[in-house]
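Coordinate-derived values only; no laboratory data. These numbers come from a predicted model, not from an experiment. With ideal geometry, Cβ positions are generated from the backbone for all residues, glycine too; neighbour counts draw on all protein chains shown.
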Amino acid sequence: MSLHADDLPDVLAVTPLASPPDASLRPPGSKSITNRALICAALAPGRSTLTGMLFADDTYAMVDAVRALGATVTLDEAARTVVVDGIDPRTSTGDVRIDARQSGTTSRFVLPAAALRPARGVVDGTPQLRARPFAALVVALRELGATVEDLGQPGYLPVAVTGPLTGGKVALPGHISSQYLSGLLMAGPLMDEGLTVELTSPLVSVPYVEATTAVMAAFGVTVEGLTVHPGAYRATDYDIEPDASAASYLLAAAAITGGRVTVEGLGTRSLQGDVRFADLLEQMGARVERAADSITVTGTGELHGIDVDMADISDTAQTLAAVAVFADSPTRVTGIGFIRGKETDRIGAIVAELSRAGVDAVEESDGFTINPATPTPTTFDTYEDHRMAMSLALLGLRVPGIEIRDPRCVAKTYPEYFEDLARLSQRA
């Protein structure tokens, strides 16, 4: 049976590993960097070539979005390459409608870009995306000169924006989502007055903003503090590194099975904060080897609970919850209250599902505590959330009787996920 997301059944049984893995894998391209590079390339007049591209639901959504903004995008999926002929959106004419599907990054990055256009642009998405907050970004765009119409519940999609964005100073909360800030920064150089953002609350997911500024720099735009001066993007060739959030599941698999897994293409030079997940596995007792372009985790047979603030690497919180089940003492995760506003309430959902399997998991306001346990055979719900499916499947590598409902949801960011899990049984 094919284990690609397109071919998966409604319920997938995870097969426990017969022996500890010894494998070397390269996850697909980073979703966060792919979508940042697509926006910057689309706003850069001229031709850019992106290699190492992730082809998944969220990035297809961004491809369609930048096409709607006027860029020409040519895909070569076999070569993992995209050619983007960018445009200056301030010269665009004609109304556009952008369907961001389920992609938070697409919607929050493309909304400021659409507001650069002098014509009307509607941004919408799935019911799940319509439930995610946009009020702070809408307020900021209005203050920067755009006309924003609420087409549904105020502060949520769908909305219509009409430029231009004149720019200047704007206040923005940092505690809800770093995607607001990243979206504004990427539109910043095309605002007549540039952009200076003043945060009114502490910024979550700081490494994602650092990744934004790094990608912008590759396309010729420098961010000084949180200020972007008026200017222009420069078309360029850009290589996208593998996805560090996706890598967390593979590294976690080594830690919980006592095996050895090397993730290729990620290492000490990575732009992504989620490579720090390996640090947490090391704190729990796994052995970690780091090189410039690889990370290897070897399970030692011992895992210890930790107390950790994961505000900066929150996309790996569910992965850590799965690892924590097999530790010898409780693990407490804090600082991630904002992930309740992701694809699902990720705190409530992971606690509910682990509890379904007999694990003593405790929900807290800004995180959770996982007490070690031997999970019982369970069919897990995934809440249309790719990270729920990928993290909970890890339990099935050690425990028989674990099934994943709606496994196809991994297509959002990692269509080959269950194929890669199966490869762990093929020794290097």
Exercise for the section: Would you mind working out the magnitude of the charge dipole of region 31-227 relative to its Cα centre, with +1 at each Lys and Arg C-beta and -1 at each Asp and Glu C-beta, to the nearest 20 Debye? Expected result: 140 debye
Exercise for the section: Please work out the Cα center distance from region 271-327 to region 1-61, rounded to the nearest Å. Expected result: 21 Å
Exercise for the section: Count the DSSP beta bridges whose two residues both fall in the chain, then state the antiparallel fraction as a percent rounded to the nearest 5. Expected result: 65 percent
Problem - Residues with amide H under 5 Å from that of ASP239, placed H, sequence gap 5 or more - result: THR51
Exercise for the section: Please give the length that would be gained between ARG90 and SER2 if that part of the chain were fully extended, namely 0.36 nm times their separation in residues minus their C-alpha to C-alpha distance (nm, one decimal). Expected result: 27.1 nm
Practice task
Report, to the nearest 10°, how far helix 346-356 tilts away from the longest principal axis of the Cα atoms in the chain, using its own Cα long axis and a range of 0 to 90°.
Solution key: 20 degrees
Completion exercise
Everything considered on the Cα gyration tensor (a ≥ b ≥ c; rounded for a/c under 1.5, else prolate if a/b is larger than b/c, else oblate), region 310-365 must be described as oblate
Handout entry: Residues of type lysines that LYS342 reaches as a straight line, Cα spacing below 24 Å, ignoring anything fewer than 8 places off in the same chain
Key = LYS31, LYS412
Exercise for the section: Quick one: what are the phi-derived ³J(HN,Hα) couplings along region 60-67, Karplus 6.51/-1.76/1.60 with θ = phi - 60°, whole Hz, x for glycine and proline? Expected result: 4, 4, 5, 4, 5, 5, 6, 5
Exercise for the section: State the percent of C-alpha pairs, over all pairs in region 270-384, separated by a distance greater than 24 angstrom. Expected result: 25 percent
Practice task
Using packing as a proxy for protection, rank 113-122, 370-379 so that the peptide with the highest average count of other Cβ atoms within 10 Å comes first.
Solution key: 113-122, 370-379
Practice task
Name the long-range amide H neighbours of THR379: under 5 Å, sequence gap of 5 or more, or other chain; modelled H, no Pro or chain starts.
Solution key: GLU403
Handout entry: Positive-end extreme of charge dipole, the chain - chosen from ALA327, LEU17, VAL170 (charges on Cβ)
Key = VAL170
Practice task
Please name whichever of THR91, HIS4, THR72 sits farthest to the positive end of the charge dipole of region 1-146, dipole taken about the Cα centre and charges placed at Cβ: Lys and Arg +1, Asp and Glu -1.
Solution key: THR91
Handout entry: ³J(HN,Hα), Karplus 6.51/-1.76/1.60, whole Hz, each residue of region 263-280, x for Gly, Pro
Key = 9, 8, x, 10, x, 5, 9, 5, 7, 8, x, 5, 5, 5, 4, 4, 4, 5
Handout entry: Reciprocal of mean inverse Cα separation for region 31-227 (Kirkwood radius, Å)
Key = 16.3 Å
Fill in the blank from the handout: A chain fully extended from GLU224 to THR166 at 0.36 nm per residue, minus the present Cα-Cα distance, gains in nm 19.0 nm
Problem - Viscosity 0.890 mPa s, 25 °C: Kirkwood-radius Stokes-Einstein D of region 1-141 over Cα pairs, µm²/s - result: 146 µm²/s
Fill in the blank from the handout: Residue separation between ASP22 and ASP328 times 0.36 nm, minus their alpha-carbon distance, gives in nm 107.8 nm
Handout entry: Crossing angle, helix 31-42 versus the chain [Cα axis fit, 0-90 degrees, rounded to tens]
Key = 20 degrees
Completion exercise
Given backbone amide H placed at 1.01 Å from N, residues whose amide H is under 5 Å from that of ILE98, ignoring those fewer than 5 places away on the same chain, are VAL122, VAL123, ASP124
Exercise for the section: Along each of the three principal axes of the Cα atoms of the chain, give the extent in whole Å, ordering the values from largest to smallest. Expected result: 60, 42, 39
Practice task
For region 20-27, take each phi angle, set θ = phi - 60°, evaluate the Karplus expression 6.51 cos²θ - 1.76 cosθ + 1.60, and give the result in whole Hz per residue in order, putting x for glycine and proline.
Solution key: x, x, 9, 9, 10, 9, 10, x
Completion exercise
From DSSP H assignment alone, runs of 4+ in the chain each adding -39500 (n - 2.57), the sum over residues rounded to the nearest 500 puts [θ] at 222 nm at -8500 deg cm²/dmol
